[in-house]
Amino acid sequence: MVQKFSDLCRVETRRLIWIIGVFFALILLFQYFELPYGGFSSLLTSTGKVPVQGKSSHPNGDSLSKSEIVHNDSTTSETALEGNGGDDSSPGNLAKLNKTLEAENVKNVDTGFAQDEQAKETGQILNENINATREEVPVQGKSSNENGDSFIGTRTSDTALEGNRGDDSSPENLAKLNKTLEAENVTDVDDGFVQDEEAEEPDQRFNENINTTSSDNSTGRFEKEATNITTSDGESSDSGPSSPLPVGPLMDLPPSTAVTISDTNVSTTVTSNTSNASFVEKEKTVTSEKEQKSEGVLGDPSHADNTSPVTAVPDTSTQPEMPVLDVYSLSDMDNLLLQSRASYYSVIPQWSSAVEKELQDVALQIENAPVVENDPNLYAPLYRNVSIFRRSYELMEKTLKVYIYKEGERPVLHTPVLRGLYASEGWFMMQLEANKKFVIKNPREAHLFYLPFSSRMLEEALYVPDSHNRKPLVKYLMDYLDMIAGKYPYWNRTGGADHFLVACHDWAPSETRKIMAKCIRALCNSDVKEGFVFGKDVSLPETYIHLPKNPLRDLGGKPLSKRRTLAFFAGSMHGYLRPILLQHWENKDPDMKIFGKLPKSKGNKNYANYMKSSKYCICAKGYEVNSPRVVEAIFYECVPVIISDNYVPPLFEVLNWESFAVFVLEKDIPNLKKILLSIPQKRYRQMQMRVKKVQKHFLWHAKPEKYDIFHMILHSVWFNRLHQIRT
């Protein structure tokens, strides 16, 4: 009896094990064929995390990198995932699903960091599914996403500030017009900076809160790899190995993207340009209060009603995510530029025109530019590709047509500031408005549209000191765009992609990053971390003009034999970096002339004489990444040493900066002298000679000359516009 019972138990046990095995096999088959992303196992073990790699989609459809998802403190319901397990992904069901997720986010906002992290990763799966469906559903109408791709707003005021309305824009009259501004802000020029920088110090923290990433890129284009160009003196324009990355049209590899500056037979590390390839997640403790404060500063067009004449224009595709690095070295920036050329940013116009066809033909001609072997006016090592640059410049002179909007009242519109720290935007405005070669009266024929506002006068006219409120400035620009979009069809045709602005104020990136996101922005404050878009935006040279009637006064410097000072710096203690520089080097070494603010002298002679007699001029950042010392060093024929992490140097898409400048990471300030002494004397003489040759690209003339700074800025705008055209 016992034996029979034992046999029966063994039989039943085997049968039970077999049934359990079949049951789990069915579960696995069901999971494999029916549920996406293997979500069934995660539902069975709800306390476990779902590993997710790649991207997710923000509710507005923008692609977010994983590091950006850290900022989203909401949690995702598992029941929502179950609801998404089927195949029904219609827009109506997806909308209901989003509402469920939003409700759960509100309920679970305080459930703790660990649960949030789990739910964020689970929610990424769902958002990827939603984004895939959204891409198939065309969306019409207006939007105001975080990237500022399109915007809606009610402009309550169509009138600009009352002020100077005269049409005489000669340098003499404009100098008189700006006397009041000069008296208040340009009284002290001993160290190359104006006093109003100190007045703006409390507001610099706002720029630290603004950190945007571009999301406008498109289908890939490739260009043949450029041939190394040999100059007349036998020097190859390629001083480094070629990059294996694909090269986009109108652009090839820079002559040198190496981390080191090397001579013919000596390889010596002289820059601290080492790429920081590790991805750095953004801080996880960003509070909603900080986000609201940032929005309050910039203004949010999405809160306005739908009466704006500005309409949305779709991109051809989504731009690949830019890696979030702690510090972008020059080689990182080279790679980002090449990536932007390979996957170019483009906007589909709402209707075609002959202008696009003309630009397509020009772009093809530049891609097939003849090789330049020896041009006496262009020294090949200074450029990324001298053949491409010369052909592009020639076609610009032959083809380019610019329309300037006449609307807008002074002093914000059509009022160039010609003296001081913000002179670059003013001189460009003055010379373009007076130009008869590029400027046309018929907007239908225009390749580019210029928005003639002064970022300096915008701040001077509308900002209330110590108010920490820049909403009126942003609103003024929004009203201006509404006015031209209502009167002309050209803004809405491309969403502003064929419009450009030139702005040198520190606040310009944050003021324009949403409402003018598709515009080509020429910015002095060209910070990778503040939304500078490679392949679209232009790094504007910041020039300090002391005398508008004679901008070339004291041009040049002493010969090499009389440059006995190894390195020089002087300036006010703006920002965090300069005090560190002085802490390590002020009065520490006779070869290193590192000072704070120099005593006043007539005509700023002390500052200029130091630059004229130094081998290297230290260009340390202030509140922002940009500094006029970069151009000043070139002006006085001193090799610039740029210490400013994440700064995109001027005219970056054209010039090979490593051929005539030294880049030092901020963390390497203690080793500054060692880095400079490691540069061989032959290499230094070569760099200083190249500084003298590149100098013409950074000079303002009373009447513009070929290859001067006016034409170089305009060319960079033109060059980047061509990369947005599909050939």
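For this structure, a couple of remarks:
- Solvent exposure of region 562-683 as accessible area per residue, Å², 1.4 Å probe: 33
- Local net charge near Val439, Cβ-Cβ under 9 Å (Lys/Arg +1, Asp/Glu -1): +3
- Ser467 versus Trp351: modelled label distance in nm, points set 7 Å from Cα along the beta carbon direction: 4.0
- Solvent-accessible area, 1.4 Å probe, carbon plus sulfur percent, for region 420-492: 54
- Å² per residue, accessible surface of region 365-515 at 1.4 Å: 30
- Efficiency of FRET between Glu358 and Ile580 - r from beta-carbon atoms, R0 51 angstrom, step 0.05: 0.50
- Per-residue packing, averaged as other Cβ atoms within 10 Å, sorts the ranges 487-494, 537-544 into the order 537-544, 487-494, beginning with the highest.
- In terms of its alpha-carbon gyration tensor, region 530-570 comes out oblate; a/c meets the 1.5 threshold, while b/c is at least as large as a/b.
- A Förster radius of 60 Å combined with the Cβ-Cβ distance from Arg564 to Glu445 puts the calculated FRET efficiency at roughly 0.60.
- Working from label points 7 Å from Cα in the Cα-to-Cβ sense, the Arg685 to Lys605 distance is 3.2 nm.
- Estimated at 0.36 nm per residue, the fully extended path between Tyr707 and Asn435 surpasses their Cα-Cα distance by 96.4 nm.
- For the set Lys612/Lys693; Lys437/Lys706; Lys549/Lys600; Lys475/Lys529; Lys597/Lys696; Lys357/Lys437, the pairs lying more than 18 angstrom apart at their alpha carbons are Lys549/Lys600; Lys475/Lys529; Lys597/Lys696; Lys357/Lys437.
- Calculated FRET efficiency for the pair Leu26/Gln365, C-beta based, R₀ 51 Å, to 0.05: 0.20
- The portion of the accessible surface of region 553-659 made up by carbon and sulfur, rounded to a whole percent, is 50 (1.4 Å probe; DNA, RNA and ligands excluded).
- Greater than 18 Å apart at Cα, pairs in Lys558/Lys673; Lys441/Lys536; Lys621/Lys667: Lys558/Lys673; Lys441/Lys536
- Computed packing ranks the peptides 384-392, 12-20 as 384-392, 12-20, most packed first, by mean other Cβ atoms within 10 Å.
The values are calculated or read from the model by the stated rules, or taken from the named source; none is laboratory data. This structure is a prediction, so every number in the text was calculated from the model and none was measured. Heads up, the Cβs are rebuilt from the backbone with ideal geometry, glycines too, and the neighbour counts pull from every protein chain shown. Accessible surface is based on the protein model in full, side chains and every heavy atom, while ligands, DNA and RNA are left aside. Shrake-Rupley method; radii C 1.70, N 1.55, O 1.52, S 1.80 Å.
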